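Comments concern the structure below.
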Amino acid sequence: MALLEELEGLAGATADQAVELLDAIPMPAGEYTVVLSPDMAGLLAHEAFGHGVETDMIVRGRAKARDYMGKRVASDRVSLYDGARSAEQTGSYHFDDEGTPGSSTLILDRGILVSGISDLLSARELGIPATGNGRRWSFERKAYARMTNTFFAPGASTREELIQGVAYGWLLDRPNSGMEDPKNWGIQLVALVGREIKDGKLTGRIASPVVCTGYVPEVLNAVDGVSETVELKGNGYCGKGHKEFVKVSSGGPWVRTKMRLG
């Protein structure tokens, strides 16, 4: 009965969202201050410094992060974690698929890139400790360095404070898709809903869909506010290689930054 009630609630929410989108406008192209929902912040973390610090990508020369270890790539408000022990979620486990204990890896420490996430082979080639991120889709496939629970650390603001600090911009929610270019640090995110913010208040105006683009260090250096709460969900999958998928969690805090929208 509880499950049926939950499904009924989800069906009602989905219907309300569909009706809301009937009046949505196309997103006016431009650079804006944006407030990212936890789901959108999770997508940003996943695409920006998730795939980009998988050390098998670094070994192959396919990730720019190799040249920036120990350097600033984000504002001092930005810290980022990945790890099977970073949270109790669907990306969690005691041992990875190579037998390495799961861990909690600090990737960005107050804006400084300090670590990648590794499987055994790439860790050996780079001469670094394995982080317990060697995961495989099935016993028929090889293990790669893969994400688990990847999210920005909490800050000190509330959602309301982040919105109140926006003269004009958009609150972005309901992620649809994301793409990354680890070698050149380009990023593209798609949100189904953009809610207009004017003079620190939501106006009720909605744009859909919203394509967000940027250069990863510019986007992360523009972060000037992060919420004190973190929301993680166990409904994510990550693809790599020949469409090899593993279960990951998604989410994070509310994050305020700047991005190009269209």
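The values are calculated or read from the model by the stated rules, or taken from the named source; none is laboratory data. This is a predicted model, so every value here is computed, not measured. Reconstructed Cβ throughout: ideal geometry from the backbone, glycine too, with neighbour counts over all protein chains shown.
Only one entry in I197, I187 is touching an Asp or Glu at 6+ places or on another chain (Cβ under 6 Å), β-branched (V, I, T), touching a residue at least 60 places away in the same chain (Cβ under 8 Å) and surrounded by 19 or more Cβ atoms within 10 Å (Cβ to Cβ), namely I187.
Restricting attention to the stretch 231-262, the residues being at pLDDT below 95 and of a type in the set (A, V, I, L, M, F, W, C) number 5. Only residues that are buried (at least 23 other Cβ atoms within 10 Å of the Cβ) and not small (G, A, S) were counted in the stretch 114-168, giving 13.
Which of the strands (runs of 3 or more DSSP E) found entirely inside the stretch 114-220 contain at least 2 residues meeting this: aliphatic (A, V, I, L, M)? Give the steps one after another, and end with the answer.
Numbers: elements: 150-152, 168-181, 186-198, 201-207, 210-215.
Per the criteria, 168-181, 186-198, 201-207, 210-215.
Filtering the stretch 208-232 to residues that are more than 23 Å from E180 (Cβ to Cβ) and either buried (at least 19 other Cβ atoms within 10 Å of the Cβ) or not acidic (D, E) (or both) leaves G225, S227, T229. Just one residue in the set V166, V248, V230 is among the aliphatic types (A, V, I, L, M) and touching a His at 6+ places or on another chain (Cβ under 9 Å); that residue is V248.
Before we move on, is W185 under 30 Å from D96 (Cα atoms) and at pLDDT below 95? Yes; evaluated as a whole, the condition is true for this residue.
Report yes if T90 is of a type in the set (S, T, N, Q) and at pLDDT 90 or above, otherwise no. Walk me through how you get there before you give the answer.
Details: of a type in the set (S, T, N, Q): yes; at pLDDT 90 or above: no.
No, not satisfied.
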